[in-house]
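Enquirer: Shown below is the structure under consideration.
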Amino acid sequence: MKIFRIIVLASLLSGKTTAICQTPVIDSLRQQVYKEANDEKKLAAYLALCEEFQSINRDSLDIYCPEIKELADKSSNPRYKSLATLAYANWYYRWGWSDSALFFIEPEFSRNKVTDDSKRDIYFKLARAKAMYHGSKLRFEEALGELYRILPEAEKYKDTLNAGLASNTIASIAIARQQYPEAMQWIGRAILIAGNDNRLLAVLAPAFLNKGHVYASVGKRDSAAYFINKGLLLSRQLQNMNYVATGLRIQANIYIAGKRYAEAEKALLEMIAVRKSISPASQLVDDNLQLAEFYANTGQINKAIDLCRKSLATGDLTVGTEGGVYANEPKIRMEYLQLLSGYYKKAGMLPEYQASLEGLLSLKDSFYAANSAEAIAELQTKYEVQKKENTILYQKYDLQRKNFLFYGSVLFTLLVLAAALFLFSNYRKKQRIRMKLMMEEEKRQATEAVKKAEEKERIRIASDLHDNLGAYAASMASNLNYIHLPDADENTKNAFRELGNNSHAIISRLNDTIWVLKKDSLNLTAISDRIKVFIGQIRKSYPAIQLEVEENIIKDHLLSSAQAFHLYRILQEGINNSLKHSKGKNIRVLFEASDSWSVKVGDDGVGMTADPVKGWYGNGLVNMKERSREAGWQINWHATDGQGTSMEVAPTTN
């Protein structure tokens, strides 16, 4: 109900707010702004437009008000300067920065005296704005102080508009304090002031709405409906959407009390549609919460759940395209989650109920940790306002006779509660951190154990290869050297020679495999050195070909043992392909590394003239591609007929 009271107070304090965006009045004033070329006339048109500040979209005010300030700074007209300051302050008020708005207008009172006929209207606008700013912060005593000052001044100068508006606003505060007989007295006074003067519909419309509100509050639904309908009719004639939204909300409550649910839903939806164009998101939040409660209390629990889910969207805190708001602020999200968890429970959706409670608990933890001081101040303000409500119009406070002990005990209790909330939140945070550290340590230990097991198994396999297969292969090669077959035919001799070559190849391949398996990881430099050894072994078989290895390694890179083995085999195959097929005289292996790395094998031969995978190179290149893919690299061949072939291996870029 707090937000509802603020809406009524702000709307009734607003004075003259005639239209929602794009009404004829607003459009006409905008066209006048665009039409004027002279700075002074443009400023006057802007000021007239900003008289409707509560009916203009707040985003539009973000554009208009800086332009107004710039034009007012250049103007020499003191009246325009004061009105520009008020427009700027009202812009701040629309954003909820009422204290800053007060700061802007305070100096203007000394420049616009009520006794000055030419500036009296500005004085009353400033005074009503001051009361409005205080009311928006629930500072009712300060707001009433301004209103009681305005009232006799308005009567003195026969200003019926301001006298009627002040009476209406005092009635609104009485309603907020649940002082209904007193509210009715002020409402009757406002209606009497307005009489049958059509120029004072801005007084009659909120007076009838207030009267309907009082009757609704005391359970007289028929009388309430009668006066609300009259107030809505006048509000629509005025095109004052603030009044219309307020009336629709009261009307919806009357329908709900009378169990006329279809009509209540229609009124609530129309109210939200009206708010969408003229109200800040916080007011729409309150409207949505009321609509959700309406659905839940009238057996439409699924509608209530859907509305809360939609309203829990995240993004910029602005009015959404379908009438919702993006609920980023923790306080707003807590209100929605609080309702949503209850709806889940009521609907028997227990997993969703549990998830919403966990989300609500997490949100409360973060909110209370960040806003504990603000929460204390807000609680204290609520308490003081509640204590003052019942006595604000009947007596003056003697500040020196306040019961300091009582207020001190209340403040102490609030501080203890805040400290308890903080300590509880801190304890939960430490528990979560401790649990996270334990899980990370378990994960680290598991990873380390797997790594050690892999390393142990790799070393065991290398030892087995060396001690068993290596020993047998070496023995086979050695025994073949002792076998002489002088009388054997040529085929037999060739077979023995091939057997000897294969045995040495087995030993070489085993040595390469064991070299890789014994290491957890190898850097590019080590692989380059191994390629140099390989080239040294085969160079004598190709005396007519120049083989060389070049290094341009600025920053060395570590490769896993599996990657190192793949790279070594790819380079071996690339060198062998160049030796066997290129017909070149020079073969060059280039290792390059800085932020990334690459290895190239190039020759100056005839160039690759067939498909590099399916052509006459056989399965070797297929194996090279497969090794590259498995290691996470890319391999490419570049060839030009008669100018050689270049193969490059490098990590993938994506």
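Enquirer: Contour minus end-to-end for residue 555 and residue 160, with contour as 0.36 nm per residue of separation and end-to-end as the Cα-Cα distance?
Expert: Full-extension gain reported as 133.6 nm.
Enquirer: For the pair residue 103 and residue 149, what calculated FRET efficiency results from E = 1/(1 + (r/R0)^6), where r is the Cβ-Cβ distance and R0 = 25 Å, to the nearest 0.05?
Expert: Efficiency at R0 = 25 Å is approximately 0.80.
Enquirer: What length, rounded to one decimal in nm, is gained on full extension from residue 437 through to residue 411, with 0.36 nm per residue of separation minus their alpha-carbon distance?
Expert: Between residue 437 and residue 411, full extension yields an extra 5.5 nm.
Enquirer: Quick check on the range 54-172: what are the equivalent-ellipsoid semi-axes from the Cα gyration tensor, as sqrt(5λ), descending, whole Å?
Expert: Equivalent ellipsoid of the range 54-172: 24, 19, 12 Å, largest first.
Enquirer: Please list the non-local residues whose amide H lies under 5 Å from the amide H of residue 523, H modeled 1.01 Å from N, same-chain partners needing a gap of 5 or more.
Expert: Close amide H contacts, sequence-distant or interchain: 559.
Enquirer: Computed FRET efficiency, Cβ-Cβ of residue 626 and residue 492, R0 51 Å: what is it to the nearest 0.05?
Expert: Calculated value: 0.85.
Enquirer: Now, a different point. Set the Förster distance to 25 Å, then compute FRET efficiency between residue 309 and residue 424 from the Cβ-Cβ distance, nearest 0.05.
Expert: 0.30
Enquirer: Using a 1.4 angstrom probe on the protein heavy atoms only, could you order 294, 424 from most to least accessible area?
Expert: Sorted by accessible area, descending: 424, 294.
Enquirer: Could you check the spin-label model distance between residue 273 and residue 116? Points 7 Å from the Cα along Cα→Cβ, value in nm.
Expert: Taking the two extended label points, one gets 4.7 nm.
Enquirer: Between residue 77 and residue 358, 0.36 nm times their residue separation minus their Cα-Cα distance comes to what?
Expert: Computed gain between residue 77 and residue 358 is 95.2 nm.
The values are calculated or read from the model by the stated rules, or taken from the named source; none is laboratory data. All values reported here derive from a predicted model rather than from experimental measurement. FYI the Cβ positions are ideal-geometry reconstructions off the backbone, even for glycines, and counts take in every protein chain you see. All accessible areas refer to the heavy atoms of the entire protein, side chains included, with ligands and DNA or RNA removed. Shrake-Rupley method; radii C 1.70, N 1.55, O 1.52, S 1.80 Å.
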